[in-house]
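Each remark here refers to the structure printed beneath this line.
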Amino acid sequence: MSDAPPRVRFAPAPSGSLHVGGARTALFNWLYARRNGGTFVLRVEDTDADRVTDEAMRVLERSLHWLGLDWDEGPGVGGSRGPYRQTERFDVYRDAAGVLVEGGHAYRCYCTPEELEERRRQAKAADRAPGYDGRCRRLTDEERAAFEAEGRPWALRFAIPEGRSVEFDDLVKGPQHFDYEALRDFVIVRSDGSPTYLLASGVDDLRMGMTHVIRGEDLLPSTPRQLLMFEALGEPAPQYAHLPLILGPDRAKLSKRHGAVAVEWFREHGYLPDALVNYLALLGWSPGNNDEILPRAELVERFDLSAVSRHPAIFDIEKLAWMNGEYLRALSDEEVAAGMLTSLSEAGLVADLDTLRAIAPHVKERMKRLDEAPAMLRFLFSDDVALDEKAEAAVAKVGPDYLRRAADRVASVSPWTVEGITAALDEVAASADLNRSKGWQPVRAAVTGTTVSPPLPESLTLLGRDETVARLRAAAG
RNA sequence: GGUCCCAUCGUCUAGAGGCCCAGGACACCACCCUCUCAAGGUGGAGACACGGGUUCAAAUCCCGUUGGGACUACCA
């Protein structure tokens, strides 16, 4: 282990949106860099032109920024090891491929996709391993010349050295051992001249000076291949740490089909970035005791790769929601008000900051997500208070006279304060021989249109006397 | 099928041989608080996959079984 500052990277393919699995990988890399005074690099693996889009690139950057995972080198910030988009680095991969060919570690494969597919199918049918059979590696000079004369397109394959096995020590999985029989000759350059992941990602990790590669466990099988490639290139390899996967409720690798998995979705649905970061950090890592609410700074201080668990974790949105509520309650009224303003306007409601600031302490402990604000506060910012079913029932229970009396009594409250309103509501309830619970509920129903709301007197002070009286009379019919 | 990874409450986990007839958190249930709903408080139910070893002693070490997952592309 060297003690030079570590260099780590997050290397996503911008196709679609950043989902929580990717975000967690980015987070662990970021935490490792921040914890150890290292450098966090963002590298864009956009070699697959068919799947990569500009929109996905924008979403990726926005998601990362929102999460607060800032990169020291990469798109937008530059750096000395750039460029950081693989489509701008094809010459680098070509050079590396050239070295491999010259050293006899890579060869041209003339098999067509159709032939490959057919042989794969046959192998499977015969219960044999479906990987590449190495046919073009054994071509005679004549056969090769014939293919060339024919103008057959070719791809470049890496030649797995025979009789070799690969050993390496994974920082989270421990000692690993792979026999060469399990490793098939893999394509490093496609017939269109573009590099594949195995080549591009591996070469970049070398050229960009990565000391540690922290990535998902789904890439564990590609590590021995890349290690063999580095050996052929004559260059030292970085250290590897493979993170256990994040699974859906069905225990399969988390993906879009599991529903809410995109970071953008959480941003749009009233989740706080700090809460998501905190939750994700706990998915596959634990500080070693029972602490769970760990602010970013503490995460950085306590993060330790060797404490990463080896088994996969199921993403539990319920627990995330709980944690989000915890973070919401820790926010200042000002911050909560600002957050609610946004979600309210997205719901088409025009609110003002002063009112929101005043109601914030009463609603933040009843919310788990900021986007619950519209449902909770609609009555304050909309004249439309059509009573829902339960509200109708609550009103019917006491009858119109009760509401008229309440309106009359409330109309005389002065000054319009929480204390004054409370006294008035209590009086009205007492006059009908009702306790607060039974006496206030019809008022809540008439004024808010629902049977659930922030504390009533506090809500009414903000609604205003005239509007309160008007709604009581309206409900009385 | 092959290769590899993994295995503590429903879920996330603590546990690195005796401190564990297994602790915390989410969710769930009950009670308390209470103007509704929450939040908060108290209590409850709930797990070491199974079988063999090793050891005075195993959730912890070894082997096997079972179960789950990943990979097996000219995707990353």
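Rule-based calculations on the coordinates, nothing more; no lab input. In this text the structure is predicted, and so the values were computed from the model without any measurement. Note that we place each Cβ from the backbone using ideal geometry, even for glycine, and neighbour counts take in every protein chain shown.
Here are some notes:
- Residue check, A:ILE314 touching an Asp or Glu at 6+ places or on another chain (Cβ under 7 Å), of a type in the set (A, V, I, L, M) and over 30 Å from A:THR417 (Cβ atoms): no
- Qualifying residues in the stretch A:437-477 (those that are within 13 Å of RNA strand B (Cβ to nearest atom) and charged (D, E, K, R)) - the one farthest from A:ARG366 (Cα to Cα): A:LYS438
- On inspection, A:ASN290 does not qualify as assigned to a helix (DSSP H, G or I) and either loosely packed, with under 15 Cβ neighbours inside 10 Å or among the polar types (S, T, N, Q) (or both).
- Pair list, Cβ under 6 Å, 6 or more apart: the stretch A:240-252 residue in contact (Cβ under 8 Å) with a residue 60 or more places away in the chain, other residue hydroxyl-bearing (Ser, Thr, Tyr) and surrounded by 15 or more Cβ atoms within 10 Å (Cβ to Cβ): A:TYR240/A:THR223
- Filter result (crowded, with 20+ Cβ neighbours inside 10 Å, part of a helix (DSSP H, G or I) and within 14 Å of RNA strand B (Cβ to nearest atom)) within the stretch A:342-369: A:ILE359, A:ALA360, A:VAL363, A:LYS364
- Condition check for A:LEU434: assigned to a helix (DSSP H, G or I), more than 46 Å from the chain's Cα centre (by Cα), without any contact (Cβ under 8 Å) to a residue 40 or more places away in the chain and within 12 Å of RNA strand B (Cβ to nearest atom): no
- Annotation note: of A:ARG81, A:ARG62, the sole residue that is in contact (Cβ under 8 Å) with a residue 24 or more places away in the chain, more than 16 Å from RNA strand B (Cβ to nearest atom) and surrounded by 18 or more Cβ atoms within 10 Å (Cβ to Cβ) is A:ARG81.
- Scanning the stretch A:1-55 for residues that are more than 10 Å from RNA strand B (Cβ to nearest atom), aliphatic (A, V, I, L, M) and not in a helix (DSSP H, G or I) gives A:MET1, A:ALA4, A:VAL8, A:LEU18, A:VAL41, A:LEU42.
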